[in-house]
Amino acid sequence: MTTYQKAAVFILRLVGLFWTIFFAFIWGVYAVELALGIDVQHYPTHTIIGNVGYIVLGIVIIAASKPLGRLIGKGLDA
């Protein structure tokens, strides 16, 4: 792997990690608030399912970062 490919893999993994942590944290806080009985806005099921999809998307980006990084950094060597 070239330096550009390694950098692309690193950036993709970082973005996927932050993306996943953000959505997991937000919904984790929501679940804790519900469990403690705090009065919170109740979201429809399709909103929750859609946000679980965002968490899965972040995990997929992390898992596919190596092939995507190779593709992005391909041909950048001089």
Quick one: is Ile11 modelled with pLDDT of 90 or more, of a type outside the set (D, E, K, R) and more than 30 Å from Leu76 (Cα to Cα)? no
Here are the criteria: (1) under 21 Å from the mean Cα position of the chain (by Cα); (2) modelled with pLDDT under 90. Tell me which single one Pro44 does not satisfy. (1)
Number of positions in region 28-59 that are in a helix (DSSP H, G or I) and either more than 30 Å from Ile72 (Cβ to Cβ) or of a type in the set (Lys, Arg) (or both): 14
What number of residues within region 1-27 satisfy the criterion of being farther than 14 Å from Leu68 by Cβ, assigned to a helix (DSSP H, G or I) and in contact with an Asp or Glu (Cβ under 9 Å, 6 or more places away or on another chain)? 1
Looking at region 38-66, I want the residues that are within 13 Å of Trp27 (Cα to Cα) and without any contact (Cβ under 8 Å) to a residue 12 or more places away in the chain and have a partner that is of a type in the set (A, V, I, L, M) and assigned to a helix (DSSP H, G or I) with Cβ atoms under 8 Å, at least 6 apart or on another chain. Which pairs are those? Val40/Leu34
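In the list Gly16, Gly73, which residue meets the criterion of being touching a Phe, Trp or Tyr at 6+ places or on another chain (Cβ under 8 Å), surrounded by 12 or more Cβ atoms within 10 Å (Cβ to Cβ) and on the phi < 0 side of the Ramachandran plot? I'd like the intermediate steps shown before the answer.
Working: Gly16 fails: touching a Phe, Trp or Tyr at 6+ places or on another chain (Cβ under 8 Å).
Answer to the check: Gly73.
The values are calculated or read from the model by the stated rules, or taken from the named source; none is laboratory data. Please read all numbers here as calculations on a predicted model, not as lab measurements. Virtual Cβ from ideal backbone geometry, glycine too; neighbours counted across all protein chains shown.
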